[in-house]
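Written below as structure tokens is the structure these notes are about.
The values are calculated or read from the model by the stated rules, or taken from the named source; none is laboratory data. All figures in this text were calculated on a predicted structure; none of them were measured in a lab. Cβ coordinates were reconstructed from backbone atoms using ideal geometry, including for glycine residues, and neighbour counts include every protein chain displayed. Each accessible area value is taken on the protein alone, full model and side chains, heavy atoms only, with ligands, DNA and RNA left out. Shrake-Rupley method; radii C 1.70, N 1.55, O 1.52, S 1.80 Å.
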Amino acid sequence: MARKRKGSPVHGWVVLDKPKGMTSTQAVTRVRRLFDAAKAGHAGTLDPLATGVLAIALGEATKTVPYAMDGEKLYRFTARWGEARDTDDAEGRCTASSIVRPSRQQILDAIPAFIGEIQQVPPAYSAIKVAGERAYDLAREGETVSLAARPVLIRNARLIDLPDPDRAVFEVACGKGSYIRAWVRDIALALGTVGHVAQLRRLRVGPFCIDAAISLEMLEGFGHSPAALEHLRPIATALDGIPALAVTEPDSVRLRSGNSVLIRAPHFTRLMEQQDGTDAGADFQGRTVYLSTARGEPVALAEIAQGEFRPFRVFNFGPAV
């Protein structure tokens, strides 16, 4: 008896402008159903309160999710001074208050201490696991959650606007694992007050930008028509910064079977070109490369080792079952 068909062989990235009030999982489910895709995932959770870029991987693009998640993220958000919340955002319960409202100059003076590699304690309401359970599940059950500080990278932070004494609008570019809710909580304490995130919008995740995002309402308006497929971006979009090389058809067959292939002289030449001359004389040992056919069809992600491409993630485009 044939197995039940689970979806269509749809492969690529959808850059969704996630609406407020929806979890990332709910958004992924709706997009996956719209494209009838067999597999789906996303590059970084957005809380229900947040809007903006949610990069959704369909089909074989799910194999590149870790690379998109490692990319820099850019957020624009509003900090609300004077109230601490147990979730560190507007959805939580007020746990403390303060009459202190920082001035523009005080905020500008405080920001430099929150740029660079800093130590950050994640919010109690986060997806981090504690003894095998999610921290937010423990927090919702009323348990006290103690999370250790960890290093995160804040690449840049700037004050955008002060609409009134209670609120400040910021933009922060940060690396993987950073929490904007924790950043606001900590800078508020440094300013002698308390605070939480009132609004948050993600403007970029790695190569995926808000200017290229589509709303869920517009996407669902296309239904299952070809117009929806026009918003499907190539698998390689998530691999920005990884050297891309073309291989022959025979080599692509070997690679897709999990076998290594020899690196040819033109490949080394191309690698040198993509390094902008900064690695002259390098042997590229251990380097990750993205391999495709001459027609641009994804083949594999491979490691360079002892003169060979050794595939560790292969892209297969057979029919979904």
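A few notes on this one:
- Residue selected from region 228-252 under the condition more than 25 Å from the chain's Cα centre (by Cα) and among the hydrophobic types (A, V, I, L, M, F, W, C), by the criterion surrounded by the fewest Cβ atoms within 10 Å (Cβ to Cβ): Ala246
- Residues of region 206-222 satisfying the condition of being touching a helix residue (DSSP H, G or I) at 6+ places or on another chain (Cβ under 9 Å), in a helix (DSSP H, G or I) and surrounded by 15 or more Cβ atoms within 10 Å (Cβ to Cβ): Leu216, Leu219
- Subset of region 286-307 that is free of Cβ contacts under 8 Å to residues at least 60 places away in the same chain, part of a strand (DSSP E or B) and not hydrophobic (A, V, I, L, M, F, W, C) - its residue that is surrounded by the most Cβ atoms within 10 Å (Cβ to Cβ): Tyr290
- Only one entry in Leu54, Leu46, Leu16 is surrounded by 22 or more Cβ atoms within 10 Å (Cβ to Cβ), in a loop (DSSP other than H, G, I, E, B) and touching a residue at least 12 places away in the same chain (Cβ under 8 Å), namely Leu46.
- Residue that is nearest to Ser146 (Cα to Cα), among those in region 109-135 that are acidic (Asp, Glu) and modelled with pLDDT of 95 or more: Glu117
- Filtering region 60-108 to residues that are of a type in the set (S, T, N, Q), surrounded by 14 or more Cβ atoms within 10 Å (Cβ to Cβ) and modelled with pLDDT of 95 or more leaves Thr62, Thr64, Thr78, Ser98, Gln106.
- Restricting attention to region 23-43, the residues being over 17 Å from Phe208 (Cα atoms) and crowded, with 20+ Cβ neighbours inside 10 Å number 4.
- Scanning region 177-205 for residues that are in contact with a helix residue (DSSP H, G or I) (Cβ under 7 Å, 6 or more places away or on another chain), open to solvent by less than 20 Å² (accessible area, probe 1.4 Å) and not aromatic (Phe, Trp, Tyr) gives Ile187, Gly195, His196, Val197, Val205.
- When residues of region 156-176 are limited to those that are surrounded by 15 or more Cβ atoms within 10 Å (Cβ to Cβ) and among the β-branched types (Val, Ile, Thr), the one nearest to Arg104 (Cα to Cα): Val169
- When the test is whether a residue is closer than 18 Å to His11 by Cα and either open to solvent by 40 Å² or more (accessible area, probe 1.4 Å) or of a type in the set (Ser, Thr, Tyr) (or both), Ser225 passes it.
- Applying a threshold of 7 Å to beta carbon distances and a minimum spacing of six or more residues, or different chains, the list of pairs starting in region 165-191 at a residue that is part of a strand (DSSP E or B) and ending at one that is among the small types (Gly, Ala, Ser) reads Arg167/Ala79; Arg167/Ala198; Ala168/Ala79; Phe170/Ala79; Phe170/Ala157; Val172/Ala157.
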